[in-house]
Amino acid sequence: MSQFLSEKQEAPLILTLELEKSVQDWAQSMRERHFPRQRNIVPAHITLFHALPADYADTLLTHLTGYQQAPCVTIEAPFLLGRGVAYRILSPEIKAVREEIAALVPPERRTAQDRARWHPHLTIQNKVSPQKARELLEQLSQGYEPVRTYGAALRLWRYLGGPWELLVRTPFTPRSHS
């Protein structure tokens, strides 16, 4: 049992953005409709970091509570992942949050993926045939208009080899649409 707890406590941390409720619900329903059921084991999300070191959990938890105003987020046109489809995300405010958090963890402690240029996206389909992905992209692209929304919260997760365990959800102060 103690070995399991130790391994669990050493598991990498994932930081994601949750969108305001109506858009988060839409994203989740799109994921449930288009993601293979057996692979759809985490909620719809926008990943800020894929694998931060577990020993930075306290630092991250302390820092995440400092964000107040909900960041603006634009869900841009869908694009092909190869074996899936995602929507591009545009949010200078979330990019700034990500840069602040990146500064808390030295580059040598971050994975290559988390050091690389960030390409925020919302995956709604993955692990399907390239043909099925192209068909969905074509369907979703027809007449697509960007959606402006807000971030609702940051979520810090522990990666458990497939499923994720939510450690904390830190909400932003809501903003009204204008």
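The values are calculated or read from the model by the stated rules, or taken from the named source; none is laboratory data. Every value quoted in this text rests on a predicted model; they were computed, and no experiment measured them. Reconstructed Cβ throughout: ideal geometry from the backbone, glycine too, with neighbour counts over all protein chains shown. Surface accessibility is based on the protein's heavy atoms, side chains included, excluding ligands, DNA and RNA. Shrake-Rupley method; radii C 1.70, N 1.55, O 1.52, S 1.80 Å.
Which residue is surrounded by the most Cβ atoms within 10 Å (Cβ to Cβ), if the candidates are limited to the range 42-59 and must be within 20 Å of residue 120 (Cα to Cα) and among the hydrophobic types (A, V, I, L, M, F, W, C)? For the range 42-59, the residue satisfying everything is 52. Scanning the range 71-114 for residues that are among the hydrophobic types (A, V, I, L, M, F, W, C) and touching a Pro at 6+ places or on another chain (Cβ under 6 Å) yields a count of 3. Among the residues making up the range 119-160, those that are more than 18 Å from residue 19 (Cβ to Cβ) and free of Cβ contacts under 8 Å to residues at least 60 places away in the same chain are 129, 130, 131, 132, 133, 134, 135, 137, 138, 139, 142, 143.
In the range 104-116, the qualifying residues are those that are touching a helix residue (DSSP H, G or I) at 6+ places or on another chain (Cβ under 8 Å) and touching a residue at least 60 places away in the same chain (Cβ under 8 Å), and the one that is farthest from residue 28 (Cα to Cα) is 110. Reported count of residues in the range 141-166, each being open to solvent by 60 Å² or more (accessible area, probe 1.4 Å), within 16 Å of the chain's Cα centre (by Cα) and closer than 23 Å to residue 93 by Cα, is 0.
Here 101, 124 are screened, and the one residue that is open to solvent by less than 50 Å² (accessible area, probe 1.4 Å), in contact with a Lys or Arg (Cβ under 6 Å, 6 or more places away or on another chain) and either under 19 Å from residue 12 (Cβ atoms) or of a type outside the set (Gly, Ala, Ser) (or both) is 124. Could you list, in sequence order, all residues of the range 144-167 that are modelled with pLDDT of 95 or more and outside any strand (DSSP E or B)? If the condition is that a residue be modelled with pLDDT of 95 or more and outside any strand (DSSP E or B), then 144, 145, 146 are the ones that fit.
When the range 78-96 is filtered for residues that are more than 25 Å from residue 128 (Cβ to Cβ) and open to solvent by 70 Å² or more (accessible area, probe 1.4 Å), the ones remaining, listed by number, are 90, 92, 93, 95. Criterion applied to 67, 56 was being out of contact with any helix residue (DSSP H, G or I) (no Cβ under 7 Å at 6 or more places or on another chain), among the aromatic types (Phe, Trp, Tyr) and under 25 Å from residue 100 (Cα atoms), and the one residue passing it is 56.
Selection over the range 1-31 of residues that are modelled with pLDDT of 95 or more and part of a helix (DSSP H, G or I) gives a count of 11.
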